[in-house]
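Working notes, structure below.
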Amino acid sequence: MAKKDKDPLEEGAEALLGADAAVAEALDPIAGSSAMEAVGWLSDLGDQPQMRILCAGVIAAGLAGRSKRLTKAGLRMIAAHTLATEAKNVVKKRVDRSRPRSRSGENGHRLKPGKSRTKEESSFPSGHSAGAAAVAAAYARDFPEHRAAAAAGAGAIALAQIPRSAHYPTDVGVGLALGLLSEALLDPVLDPLFDWLQLSGDEPDE
């Protein structure tokens with residue numbers, strides 16, 4: 001009997017999972033090193049409290065400086081971060097995956113349906129990546145001249161998750177996608193709100 005060909009999507013998924021496993025194995029020797037401690041500092045900037053403090057700081061700076069543009073950016077940032085956080089939580093509550101540092105066996109990197117609430121079994125997707133991407137995209141929507149810098153910052157926070165063995169590359173990729181999608185979905189909702197709050201318009205701040 002002829003062997004059934006694999007579905008292209010299945011083959012692609014297997015290739016990505018294989019790459020995840022290879023990356024995790026390659027990074028095992030440097031896990032816990034002093035270099036990774038420095039990377040961890042960068043990674044921690046993407047934690048929820050730090051991200052929310054950043055958003056609140058932008059809002060406060062906008063209000064203090066009577067800058068509609070900055071105030072609007074801060075409000076957009078915190079809204080996008082909130083939605084991205086909820087989105088990743090929905091996935092994490094339905095998918096179990098051991099973090100690279102906690103995996104065991106040749107299938108330890110695989111995803112499976114589950115409802116684990118433990119940190120070490122909630123690798124997928126990366127919440128740091130989702131939050132950082134959402135905040136960066138929201139800021140860039142009001143300050144497009146800083147889009148590259150915002151994207152670089154979010155990218156650095158996201159990529160830092162991999163060498164410290166907190167996440168696999170696919171965790172990071174899906175987290176980034178969730179963050180960008182969350183911000184994009186909020187844009188048509190927030191614009192009418194900003195109009196109502198009289199924060200819209202291209203006129204210079206007073």
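The values are calculated or read from the model by the stated rules, or taken from the named source; none is laboratory data. Since we're looking at a predicted model, the values are computed, not measured. Every residue, glycine among them, receives a Cβ derived from its backbone with ideal geometry; neighbour counts consider all protein chains shown.
Inside segment 125-162, residues that are surrounded by fewer than 24 Cβ atoms within 10 Å (Cβ to Cβ) and either in contact with a Cys (Cβ under 9 Å, 6 or more places away or on another chain) or closer than 19 Å to L27 by Cβ (or both) make up a count of 4. Per the conditions (1) over 30 Å from E145 (Cα atoms); (2) free of Cβ contacts under 8 Å to residues at least 40 places away in the same chain; (3) not aliphatic (A, V, I, L, M), the sole criterion not satisfied by G57 is (1).
Results for (1) over 23 Å from G173 (Cβ atoms); (2) within 16 Å of the chain's Cα centre (by Cα), shown as yes or no for each residue.
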{"residue": "L27", "(1), (2)": "no, no"}
{"residue": "G46", "(1), (2)": "no, yes"}
{"residue": "A61", "(1), (2)": "yes, no"}
{"residue": "K68", "(1), (2)": "yes, no"}
{"residue": "E86", "(1), (2)": "no, yes"}
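Counting only helices (runs of 4 or more DSSP H) that fall entirely inside segment 16-124 and contain at least 1 residues that are touching a strand residue (DSSP E or B) at 6+ places or on another chain (Cβ under 7 Å), the qualifying elements are 68-92. One residue stands out in segment 29-44 among those that are polar (S, T, N, Q) and either closer than 25 Å to G173 by Cα or surrounded by 14 or more Cβ atoms within 10 Å (Cβ to Cβ) (or both): the one that is modelled with the lowest pLDDT, namely S33.
Within segment 120-139, can one find any residue that is without any contact (Cβ under 8 Å) to a residue 12 or more places away in the chain and not aliphatic (A, V, I, L, M)? Reasoning before the result, please.
Within segment 120-139, the subset without any contact (Cβ under 8 Å) to a residue 12 or more places away in the chain is none.
There is no residue in segment 120-139 that is without any contact (Cβ under 8 Å) to a residue 12 or more places away in the chain and not aliphatic (A, V, I, L, M).
Of the residues that make up segment 167-177, is at least one closer than 21 Å to A56 by Cβ and out of contact with any strand residue (DSSP E or B) (no Cβ under 7 Å at 6 or more places or on another chain)? Working first, answer last.
Let us first name the residues in segment 167-177 that are closer than 21 Å to A56 by Cβ, namely none.
Checked against the condition, which is being closer than 21 Å to A56 by Cβ and out of contact with any strand residue (DSSP E or B) (no Cβ under 7 Å at 6 or more places or on another chain), segment 167-177 yields no hits at all.
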